[in-house]
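Have a look at the structure below, then the notes.
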Amino acid sequence: MKLRSTAAAVAIAATATMGLAACGGEEAPKAKDAWNASQESAGKYKSMEVKASGKSNGKPASFTIKGDVDGDPQTLSGEMEGGKMEAVIVGSKSYIKADSAYWKSAMGNSGASSAMTSMMADKWVESPESNSGDTSDTLKDLVKELKDDNNESNKKLLSDKATVTEEKVDGKDAWKIESEDKKVKAWVSKEDSRDVLKVEGWEAKGSSNGEEMTTVNFVSHDKDYGIKAPSGAKKMTDLIKG
């Protein structure tokens with residue numbers, strides 16, 4: 001009788017243990033430890049691909065940026081300024097291709113601007129070298145803000161009152177860090193590197209060009225994205241000459 005009772009107890013304990021394992025019984029890290037590790041990892045990325053949504057100069061925007069964190073080479077594509085655009089930076093030169101809606105919003109409605117809009121719409125245009133800096137700083141500024149403990153979003157994620165739960169994001173096993181007020185969320189990989197996978201409710205500007213990236217998906221990092229200058233790009237002076 002005693003042996004049978006002992007066997008039953010062992011069986012119950014084993015079943016409970018298996019249930020815990022099936023439910024992902026791994027102990028969650030502290031929010032501060034997990035986010036600190038993510039900040040450190042992000043600071044080491046040489047290249048990145050991110051998909052972001054937010055605002056550009058106060059208007060809704062969504063875009064994809066990939067390339068070297070330092071800015072060259074790099075590509076940016078998406079919808080902003082009320083239109084669609086693509087930008088490529090290679091060898092300190094920048095190229096842009098955009099529809100008429102984008103150019104109209106970016107350049108204004110004067111007669112000269114309308115003429116330029118017509119000439120540049122849907123064509124690859126080589127921009128002056130001095131104009132490449134604003135776009136190329138986007139990833140660099142994003143990483144800088146992720147590492148800045150004085151950033152308001154980081155303060156919330158590093159707080160002892162932030163919570164950590166287990167949740168998949170884009171099919172990847174992750175720890176979800178959520179601020180006490182539920183406004184800021186970050187998903188980091190369960191690997192020791194704690195790579196940043198996604199942030200929501202981000203309270204910071206993403207670049208010096210006026211983009212505010214409130215939601216960012218970190219698609220990949222430290223890859224060669226094979227970025228090249230577009231063929232057939234026209235210089236602005238050549239377009240004006242016709």
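Derivation of every value follows stated rules applied to the coordinates shown; laboratory data play no part. Model, not experiment: these values are computed from the prediction. Don't worry about glycine lacking a Cβ; one is built from the backbone with ideal geometry, like all the others, and counts go over all protein chains shown.
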Cβ neighbours within 10 Å, averaged per peptide: list 26-37, 173-184 in order, most packed at the top. 173-184, 26-37
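Beyond a 24 Å Cα-Cα separation, which of these cross-linked pairs lie in this structure: K44/K84; K155/K198; K66/K155; K185/K228; K84/K144; K55/K183?
Values: K44/K84 31 Å; K155/K198 17 Å; K66/K155 27 Å; K185/K228 35 Å; K84/K144 27 Å; K55/K183 17 Å.
From the list (K44/K84; K155/K198; K66/K155; K185/K228; K84/K144; K55/K183), the Cα-Cα distance tops 24 Å for K44/K84; K66/K155; K185/K228; K84/K144.
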Shape call for the range 142-195 from the C-alpha gyration tensor, a ≥ b ≥ c root eigenvalues: rounded (a/c under 1.5), prolate (a/b greater than b/c) or oblate? oblate
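Give, as a single signed number, the net charge of other residues whose beta carbon lies under 12 Å from the beta carbon of S193, with Lys and Arg counted +1 and Asp and Glu -1.
Details: positive: K44, K190, R194; negative: E40, E191, D192, D195, D222.
Overall, the nearby charge balance is -2.
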